[in-house]
Amino acid sequence: TSEGSYEILSVHRNPADLRGDMFYWGVGKTDGEEKAVFGEANYRFTDQWTLTFGGRWFDTEVNSRSTYYGVLYPGSLSLPPGQQTEDGFAPKVSSAWRRDEDLLVYGLASKGYRFGNPNTIHPLEDFNTPRGWKTDSLWNYEVGIRSSAFDRRLQTDFTVFLIDWSDLQVRLYRLDDFTYGTNAGKARNIGQEFSGLWRVTDSFDLSLNVTHLDAKLTQTVISAGNEILRDGQQLPGASEWQISAMAVARLPYSWEPTITLAHRYLSDAPQSLQTPDLRINGYGQTD
């Protein structure tokens, strides 16, 4: 934006491409629409056993338009209109056994998804940039138990889960260092979650939440002869341990003041899929 910058750029670029002090300019618009029908039904075998069936039918459409100009383009470039349309069905089934108000055991299988989007990026010669990325999907299987005791002063919830994830939505780099979205690879998450609440007195509570997560890729992906995703690689942002604890005291005064002491801990995790050795450090936070 200064005369000095213009002189430096003009050595490497045709001054006619610089458009005065404008180095690069782009505008894009993306519109998305989703239609869905969903619901569920319960069948009670006995007063204790309940079976649930449910699902969601969806139809999605995403449209995009983009225009660019600057040093990367001779004149201006308007990309062809991008469009992604998909439809599908995501089912759910669960079974629960409730002994009484103090004990519940359940199992669940459900499918989830995220619909895709077009890529709003200029083409690169000798590189087949995908027009966009499609819906990814996962199956979640979990078994859990919820219980309470001592007139519900002690409440616990323990869950074991397995998530099978396919057609991951990822961003990859081209040779010009621009990123594009695509579907690549598979992953699975295995985890255990515990949460507990102890009402020590009517005015003092203790709570604890612990999650252990083993989240890894289960497929190696090779692009242009290079291994870009590796089987067994930890997923980004998927900390192995997440722990939070809290103590709450309610003071017996007219304004009902509350004192809260809380601590949260997250272990380290990779920063991104393509830079697994760059990690975000774990940390603890006390409030």
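The values are calculated or read from the model by the stated rules, or taken from the named source; none is laboratory data. What you are looking at is a predicted structure, and each value in this text was computed from that prediction instead of being measured. Counting neighbours? That spans all protein chains shown, and the Cβs are built from the backbone with ideal geometry, glycine included. Areas reflect the complete protein model, heavy atoms only, side chains present, ligands, DNA and RNA absent. Shrake-Rupley method; radii C 1.70, N 1.55, O 1.52, S 1.80 Å.
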**Proximal lysines to Lys111, defined as alpha-carbon separation beneath 20 angstrom and excluding residues fewer than eight positions away on the same chain** = Lys35, Lys92, Lys134, Lys186, Lys216
**Complete:** The correct pair for the chain, radius of gyration to one decimal and Dmax as a whole number, both in Å and from Cα atoms, is 26.3, 82
**Fill in**
In degrees rounded to 10, the 0-90 angle between helix 3-12 Cα long axis and the longest Cα principal axis of the chain is 70
**Prompt:** Given a 1.4 Å probe and every protein chain left where it sits, what share in percent of the accessible area of the chain is carbon and sulfur?
**Reply:** 54
**Complete:** Note: Thr286 to Asn42 extended length (0.36 nm per residue) minus current alpha-carbon separation gives 83.5 nm
**Prompt:** Counting GluC sites (Glu not before Pro) as exposed when in a DSSP loop with at most 15 other beta carbons within 10 Å, what is the longest stretch of the chain free of them?
**Reply:** 126-287
**Item:** Where Rh is the Kirkwood radius over Cα pairs, Rg/Rh for region 139-287
**Value:** 1.14
**Complete:** In whole angstrom, the spacing between the Cα centers of region 116-173 and region 219-277 equals 15
**Item:** Ratio Rg/Rh, restricted to region 212-287 and using Cα atoms, in which Rh is the Kirkwood radius
**Value:** 1.31
**Residue-normalised accessible area of the chain, expressed per residue, 1.4 Å probe, Å²** = 64
